[in-house]
Structure formats: C-alpha cells, structure tokens
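The values are calculated or read from the model by the stated rules, or taken from the named source; none is laboratory data. In this text the structure is predicted, and so the values were computed from the model without any measurement. With ideal geometry, Cβ positions are generated from the backbone for all residues, glycine too; neighbour counts draw on all protein chains shown. Quick note on the areas: whole protein, heavy atoms, side chains included, nothing else; ligands and nucleic acids left out. Shrake-Rupley method; radii C 1.70, N 1.55, O 1.52, S 1.80 Å.
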Amino acid sequence: MKRITIAALAGAAMLYAGAAFAQQPDFSKVEIKATDLGHNTYMLEGQGGNITVAVGSDGIIMVDGQFAPLHDKIKAAIAKISPLPIKYLINTHYHGDHTGGNAAFHKDGATIVAQDNIRVRLAAGTTNALTGNKNPPQPADALPTDTYWGGSKTVEAGGRKALLTHIYNAHTDGDSYVFFDDANVLCTGDIFGNTGRYNTIDFGNGGDIRGLIRALDAYIKVSNDQTKVVPGHGALATKANLVAFREMLVTSRDRIQKLFNEGKSEQEVLAAKPMADLDAKWAATPEQATNWTRMVYNSFRRS
Ligand SMILES: [Zn+2]
Ligand SMILES: [Zn+2]
C-alpha cells in the first residue's frame with residue numbers, strides 16, 4: 001500500500017513538473033522572488049508555476065496563482081510592488097500548482113479568467129491518466145467566472161492589456177497563453193518549461209504533443225529577440241529557448257508517431273527506446289524518460 005502511494009505521488013510530481021508534491025513541500029519555507037521585467041511587469045517565483053504581475057493605473061492583472069497556502073506570501077510580494085488591487089487572475093491551465101490560489105484571490109476581489117474547459121475540469125474533478133491520481137472537485141469560489149472558448153480574449157486593467165489565446169489540446173485541453181504587448185512579455189503556462197527537461201502532457205485531460213508544437217509555433221511567431229518569456233516552470237527564457245524546445249518536441253513527435261502508425265503497442269515503443277539520444281539530455285531520471293515516451297505515444301491514441 002505504501003509503495004503504491006509513493007509511486008502515485010512521484011507521478012503527480014512529474015505531471016506538475018516541479019511542484020514537488022512527493023516531498024510534501026513545507027510552504028512556510030518558500031520565499032517569493034520578484035524579477036522586474038520592465039514596463040511595470042514582474043515575474044514571481046515561489047513553489048509551483050511561475051506568476052506574472054502587470055500593474056496598470058488602477059489595478060493589477062496576475063497570471064497564475066500557485067498553491068493556496070502561499071496566498072498570503074504572494075499577496076505580500078505583490079503589495080511590495082504596488083498597493084493597487086488585483087483585478088484579474090488569469091489561469092493558464094487547471095493544474096493545482098497554477099490554480100491553487102484561485103479561491104483566496106477571488107475572496108480578495110479578483111475575477112478569475114480562463115478558457116472554459118478549466119472551469120469544467122475544476123468543477124468536476126480530474127484523473128491523471130499517467131498515475132491514476134484523482135483531484136477532487138473544487139468549490140465554486142475556485143472556479144473561473146469570466147471564461148472564453150476559442151480564439152483570443154483581452155483583459156484590461158488601468159491601461160494594461162493581457163491578450164489570452166487558447167491553444168486547443170496541448171498541455172491540457174484548457175491552455176491559454178498570455179501576451180503583454182506593451183511590455184513584450186509572453187506567459188506560456190506549462191506548454192513550455194525552461195527547466196532543460198522534457199515537458200508533461202496531461203493526455204487524460206486533452207493533452208497532445210501536436211498541440212504543444214502548434215503552441216510553440218505561435219510563441220515563436222509572436223516573439224522577437226527582446227521578448228521576455230515567462231515559462232510555466234524554470235527561469236525567465238528567450239525566443240532561443242523556445243526554438244530549442246520546439247525542436248525537441250518535433251523530434252519526439254516524428255519518431256513516436258512513426259512507431260504508432262506502424263501499429264506498435266505502448267510497451268513495444270518503450271522497448272524500442274526511440275528517444276535514447278535525447279533522453280540523455282532532456283530526462284532527469286529513467287522514469288521521466290519513460291513517462292515522456294508514454295505521454296507522446298498516448299497523444300496519438302486520442303484520435
Ligand atoms: Zn505547472
Ligand atoms: Zn501543468
């Protein structure tokens with residue numbers, strides 16, 4: 001029983017890419033670090049997905065909110081930047097290391113904005129197809145109330161404009177990326193991680209390698225060499241990091257799709273080790289290598 005629990009927790013940590021659930025993080029030790037991106041825009045790092053803060057003349061737009069127990073620390077870090085209220089909290093996707101703060105920031109007065117599948121998945125609860133782990137349904141306070149389906153949506157606060165664009169079926173089926181044109185800041189969510197490691201694909205909740213590549217194409221198109229790229233996890237990135245990451249995705253898709261189309265089973269593809277040369281660079285552990293191949297393979301099972 002204990003072994004199953006530990007394996008399941010390790011899987012969850014993989015899916016959340018750095019959330020480190022397996023270690024039962026001590027949130028009291030987490031410090032929130034703010035990086036000035038210029039033009040009244042900041043990147044906040046703590047535990048969980050990176051946060052972006054854009055300060056307008058009468059309010060703040062925030063992208064992602066990490067875990068609920070960090071609310072007070074995040075709020076204090078933002079108050080040091082500006083005394084203005086947080087008007088909007090945008091969710092890039094439903095995972096708990098990005099939406100855990102929803103209810104608390106909502107109670108503070110923020111409107112939660114997201115692609116509508118996030119509302120649906122948070123309300124219903126979810127299952128991780130890789131591990132079988134379940135996330136319980138979330139209370140009404142944690143649900144986005146200002147949602148959109150496809151295309152783009154603009155959120156505005158005191159002259160600051162956040163342009164959200166939905167990428168269908170990528171890391172999940174509810175991903176938005178956010179671009180602040182005036183600051184040349186791109187928030188990618190977990191579609192892109194700047195950790196030097198493989199990404200995760202939540203294929204049980206609409207994730208698909210082909211969507212990740214479509215998203216990277218969009219990111220590269222909207223970026224120039226000065227763009228400050230806030231990744232889902234990892235350090236502030238550049239267009240060059242996006243290009244290298246896309247190359248890894250394309251290689252993964254090409255090799256594993258070929259085997260899938262030949263009718264190979266998941267076990268046969270794992271045994272063939274099609275990613276062995278890239279695993280040396282992109283996989284932190286053998287388990288991460290296996291999971292990446294499984295997640296890419298299962299993308300093709302979706303259709
Ligand atoms: Zn994440
Ligand atoms: Zn995620």
Which one of these is within 16 Å of ligand 1 (Cβ to nearest atom), in contact with a strand residue (DSSP E or B) (Cβ under 8 Å, 6 or more places away or on another chain) and among the aliphatic types (A, V, I, L, M): 81, 90? 90
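Counting only residues that are at pLDDT 95 or above and open to solvent by 50 Å² or more (accessible area, probe 1.4 Å), give me the strands (runs of 3 or more DSSP E) lying completely in the stretch 135-203 with at least 2 of them. Can you show your working first?
Values: elements: 146-148, 152-157, 160-167, 175-180, 185-189.
By residue number, 152-157, 160-167.
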Counting only residues that are under 20 Å from residue 182 (Cα atoms) and in contact with a Gly (Cβ under 8 Å, 6 or more places away or on another chain), the stretch 56-87 contains a total of 8
Only residues that are buried (at least 24 other Cβ atoms within 10 Å of the Cβ) and within 16 Å of ligand 2 (Cβ to nearest atom): list them for the stretch 68-96, please. 90, 91, 92, 93, 94, 95
Quick one: would you say residue 147 is among the polar types (S, T, N, Q) and within 16 Å of ligand 2 (Cβ to nearest atom)? no
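Is one or more of the residues making up the stretch 189-199 away from ligand 1 (no atom under 16 Å from the Cβ) and within 30 Å of residue 57 (Cβ to Cβ)?
Step one: filter the stretch 189-199 for residues away from ligand 1 (no atom under 16 Å from the Cβ), giving none.
Checking the stretch 189-199: not a single residue is away from ligand 1 (no atom under 16 Å from the Cβ) and within 30 Å of residue 57 (Cβ to Cβ).
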Pick from the stretch 20-55, criterion more than 14 Å from residue 80 (Cβ to Cβ), open to solvent by 70 Å² or more (accessible area, probe 1.4 Å) and not basic (Lys, Arg), ranking: modelled with the lowest pLDDT: 23
Would it be correct to say that residue 266 is more than 28 Å from residue 176 (Cα to Cα) and open to solvent by 50 Å² or more (accessible area, probe 1.4 Å)? no
Of the conditions (1) among the basic types (Lys, Arg); (2) under 26 Å from residue 292 (Cα atoms); (3) part of a strand (DSSP E or B), residue 121 fails just one. Which one is it? (3)
